[in-house]
Every structure is written in structure tokens, then in C-alpha cells.
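Report on the following structure.
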Amino acid sequence: ASYAGAGGAQAEKVAWRDDLAVAKEAARASGRPLFIDFTGVTCQNCRKVEKSIFEKDEFAAAVAGRAEPVRLYTDRQAPPEVKLKDAANRLLMEQLGSVTLPLYVLMSPDGEVLRAMGYEPAFKVQDFVDFLEVPRR
């Protein structure tokens, strides 16, 4: 379970995956891109976006219809297999050019970054709905 859904909190509106390989397979099968939410347990701005954007019906509907959502944590320390997985997620984030959370990436099923954005305090739901539009080439 994701951190945001832990501790008796109500279920999330988005069906987040937590395994990038599984999410890529789903993206290939659906023909849709991945929407990657790089997040961390200790990231306050991540929690702000989760509560003010990701829990809105408009965002949930947009991501369900346009992308395969995957949430990749980068800072959990236990158990050891989770710590290793998060280290790999951190490395991927660095390879994509960022070390700052949160980071949002729209990626093709074959790993091509279509767009990426970091945190902005003034984010609105529409910013994320627009972000989910696959850029035309």
C-alpha cells in the first residue's frame, strides 16, 4: 500500500501501480503513456499535491483515461528489498535529470520521456490534466 493510503486513510481515487516494469507492460497493452509520480514518504510537497490534486475527481478521470499511473517512492528505508527498490527509483529519477521531489514524468511505454515537471506551489488540477496530453510530434 502506498504511504498516502496507509493508516486508515480512505482509498485513493487513482489506481496507482508501484512497479515500473508492470506499469510499462500495462502501458504497452493499453497504448497509453505512463504517468510517473516520483515521491517520498518525507516529502511534504508530495503530500500537498496528493491531497489537493490527485484526490480530485477531474484528475482521477483524466489519468484513468489517458495514462497508466505509477507511483515510485525514493526514500523508504525498510525492509531491505523496499530500500533497494527505492534506490533504483532514485537512480532513475537522477537519470531523468532531477534530484528534487516531487517529479512528474509522462513516459512512453518504451521509456521515452514525453514531458516532465517538478513541483510548483500554484499547481491546479488543470495543470495535471494538461500535462497528461501526449505531445504531438
**Item:** Amide H within-cut-off set for residue 114, under 5 Å, with H built and near neighbours excluded
**Value:** 106, 107, 108
**Request:** Read phi for every residue in the range 38-50 and hand back ³J(HN,Hα) as whole Hz from Karplus 6.51 cos²θ - 1.76 cosθ + 1.60, θ = phi - 60°, with x for Gly and Pro.
**Result:** 7, 9, x, 4, 8, 8, 5, 5, 4, 4, 4, 5, 4
**Prompt:** Applying the Karplus parametrisation 6.51 cos²θ - 1.76 cosθ + 1.60 with θ = phi - 60° to the phi angles of the range 84-99, what ³J(HN,Hα) value in whole Hz is obtained for each residue in order, glycine and proline being reported as x?
**Reply:** 5, 4, 5, 4, 5, 5, 4, 4, 4, 4, 5, 5, 7, x, 9, 10
**Complete:** Along principal axes, largest first, the alpha-carbon spread of the range 37-103 in whole Å comes out as 36, 22, 22
**Request:** Starting from one equal scatterer on each C-alpha and no solvent at all, send me the Debye-based log10 I(q)/I(0) for the range 58-137 at q = 0.15 Å⁻¹, two decimals.
**Result:** -0.62
**Fill in**
Between residue 73 and residues 5 or more places away or on another chain, the pairs with built amide H atoms under 5 Å apart involve 39
**Prompt:** Which of these values of Cα extents along the principal axes in Å was calculated from the structure shown: (i) 48, 39, 25; (ii) 37, 30, 26; (iii) 41, 29, 26?
**Reply:** (iii)
**Asked** Where in the range 39-137 are there GluC sites (Glu not before Pro) that are in a DSSP coil and have at most 11 other Cβ atoms within 10 angstrom of their Cβ?
**Response** 112
**Asked** Relative to the present Cα-Cα distance, how much length would full extension add between residue 133 and residue 64 at 0.36 nm per residue of separation?
**Response** 23.6 nm
**Request:** For the range 20-36, just list the computed ³J(HN,Hα) in residue order, Karplus coefficients 6.51, -1.76 and 1.60, θ = phi - 60°, integers in Hz, with x standing in for Gly and Pro.
**Result:** 5, 5, 5, 5, 5, 4, 4, 5, 4, 5, 8, x, 10, x, 8, 10, 9
**Fill in**
Between the alpha carbon centres of the range 12-65 and the range 71-126 the gap in Å comes to 11 Å
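We did not get these values from a lab; they are worked out from the coordinates using the rules stated. Note that the structure is predicted; figures quoted are calculated from it, not measured. Cβ: placed from backbone, ideal geometry, glycine included. Neighbour counts: every protein chain shown.
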